[in-house]
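The values are calculated or read from the model by the stated rules, or taken from the named source; none is laboratory data. Only a predicted model underlies this, so the values are computations on that prediction, with no experimental measurement involved. Note: ideal-geometry Cβ built from the backbone for every residue, glycine included; neighbour counts use all protein chains shown.
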Amino acid sequence: MDKKEMRIRNWKAISGFVITVVLFVAIALLIWGIKKVDPPILRVLFNAKTAAPANADKALNLWTDDAVSKAALVSYVEDVTKEGSENFIPVEDRIAVFDMDGTILCETDPFYFDHCLLMYRVLEDPTYKDKASYFEKSVAEHIKAYIAGDKSAEVSMNDHGRAVALAFAGMTVDEFEKYVDDFKNQPEPGYEGMTRGQAFYKPMLQVIDYLQAKGFKVYIVSGTDRFIVRSVCKGAVNVPRNQLIGSDETLVASNQGSEDGLDYTFTDKDKLVLGGNFIIKNLNMNKVSVIMQEIGIQPVLSFGNSSSDAAMCEYATTNNKYKSLAFMLCCDDTVRENGNVEKADKMQQMCKQYGWVPVSMKNDWKTIYGDGVTRKQA
């Protein structure tokens, strides 16, 4: 082979390599562009599992086969996500909102998670109980008495919110969440086989995953403190932190003191800490307000369990330009859960009155907390 032929062969080899590299870069840029510009197209091209129709029987296999609530949910979802359906809802408007306590998380063992946390902080925590104010102790003692059966000791939700804000004032957000993490790792008092942080209703977690597979954006809208919600849901609920909404308290710079935030600039010597002032309890009408403030879109699906979720459910189903639906859990299981038949019956009546879909924890779910978890019998 002469030098000329060798040069030609080398040039062809180099040209082929260059063309291959250019094509690879072009494809990579195309993929990147799709990700940046068109998330729905991205889901279709790069996430076949999400884009493909979800198998409801498999996705909701912890629900009984004849559950009316399951059938209502699946029928609705299949209708509003089917191209060509007169009830089709665009992906960007598929918003579902869930309450937390009593809707996806155990609510009564023996009381709300955040109320139990406050009692522990103020009455038991050896690092803090002697520092707690009279107001904090009074709120915690009233909660304890109410749980013990003294219904006259009921604490207002605003007083509870104020007490939580005061009891954890000065902690950074990370320190607060770490504190909640440690508390949620304690055994769930009324059950064998799970911790407080594992006390999620598995059939409801399936609903969240099912909806997300169908293109819905899911938000948790809770009356519990926002930072507690984030910690409790971490590692258990497949919903991003910025879609977890709760009650609020102030945040300030560690060296800000009493200076107004408009007059203070965060410095490299500051940390962001809990300010100790309660802002709002995210219940009843406040849930509707915060949905518009933080989400900005009227939900088409709502899931709750009590009268404090009624406003959220009615907001989702009233004057909605899309087909919408609301579900309410009825705490009628007194064997696997700390049920209350009287409360469950009242919720059933509310569902009839307002047109919500009732969910029977007793009859609609094959399990509540999964294998290996049993309720302690009194």
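The table below lists the values:
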quantity	calculated
Odd one out for residue 69, checked against (1) buried (at least 21 other Cβ atoms within 10 Å of the Cβ); (2) in contact (Cβ under 8 Å) with a residue 24 or more places away in the chain; (3) under 21 Å from residue 281 (Cα atoms)	(3)
Complete set of residues in the range 220-238 that are within 9 Å of the chain's Cα centre (by Cα), crowded, with 19+ Cβ neighbours inside 10 Å and outside any helix (DSSP H, G or I)	220, 221, 222, 237
Qualifying residues in the range 279-306 (those that are over 22 Å from residue 250 (Cα atoms) and within 15 Å of the chain's Cα centre (by Cα)) - the one surrounded by the most Cβ atoms within 10 Å (Cβ to Cβ)	303
Given (1) out of contact with any strand residue (DSSP E or B) (no Cβ under 8 Å at 6 or more places or on another chain); (2) assigned by TED's automatic domain parsing to the domain that holds residue 206; (3) in a helix (DSSP H, G or I), index of the condition residue 88 fails	(3)
In the range 83-105, the residues that are surrounded by fewer than 16 Cβ atoms within 10 Å (Cβ to Cβ) and among the polar types (S, T, N, Q)	85, 87
Sole exception among (1) assigned by TED's automatic domain parsing to the domain that holds residue 246; (2) part of a loop (DSSP other than H, G, I, E, B) for residue 131, by number	(1)
Residue 144 vs. criteria out of contact with any strand residue (DSSP E or B) (no Cβ under 8 Å at 6 or more places or on another chain), surrounded by fewer than 21 Cβ atoms within 10 Å (Cβ to Cβ), under 12 Å from residue 121 (Cα atoms) and not assigned by TED's automatic domain parsing to the domain that holds residue 230	no
Count - residues of the range 131-145 that are touching a residue at least 24 places away in the same chain (Cβ under 8 Å) and either within 18 Å of residue 109 (Cβ to Cβ) or not aromatic (Phe, Trp, Tyr) (or both)	6
Members of the range 158-204 that are in a loop (DSSP other than H, G, I, E, B), surrounded by fewer than 20 Cβ atoms within 10 Å (Cβ to Cβ) and over 19 Å from the mean Cα position of the chain (by Cα)	169, 170, 171, 186, 189, 190, 193, 194
The one condition in (1) surrounded by 18 or more Cβ atoms within 10 Å (Cβ to Cβ); (2) in contact with an Asp or Glu (Cβ under 9 Å, 6 or more places away or on another chain); (3) small (Gly, Ala, Ser) that residue 372 fails to fulfil	(1)
The range 274-290, residues that are touching a helix residue (DSSP H, G or I) at 6+ places or on another chain (Cβ under 6 Å) and outside any strand (DSSP E or B)	281, 282, 283, 284, 285, 287, 288
Residue within the range 322-338 that is touching a helix residue (DSSP H, G or I) at 6+ places or on another chain (Cβ under 7 Å), hydroxyl-bearing (Ser, Thr, Tyr) and either closer than 18 Å to residue 77 by Cβ or surrounded by 22 or more Cβ atoms within 10 Å (Cβ to Cβ) (or both) present	yes
Evaluation of residue 328 against (1) more than 13 Å from residue 107 (Cβ to Cβ); (2) not in a strand (DSSP E or B) (one fails), failing number	(2)
Residue within the range 184-200 that is among the hydrophobic types (A, V, I, L, M, F, W, C), touching an Asp or Glu at 6+ places or on another chain (Cβ under 6 Å) and within 21 Å of residue 282 (Cβ to Cβ) present	yes
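Let's see how each residue does on (1) in the same structural domain as residue 90 (by TED's automatic domain parsing); (2) over 30 Å from residue 71 (Cβ atoms):
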position	(1), (2)
171	no, yes
177	no, yes
182	no, yes
185	no, yes
212	yes, no
221	yes, no
227	yes, yes
234	yes, yes
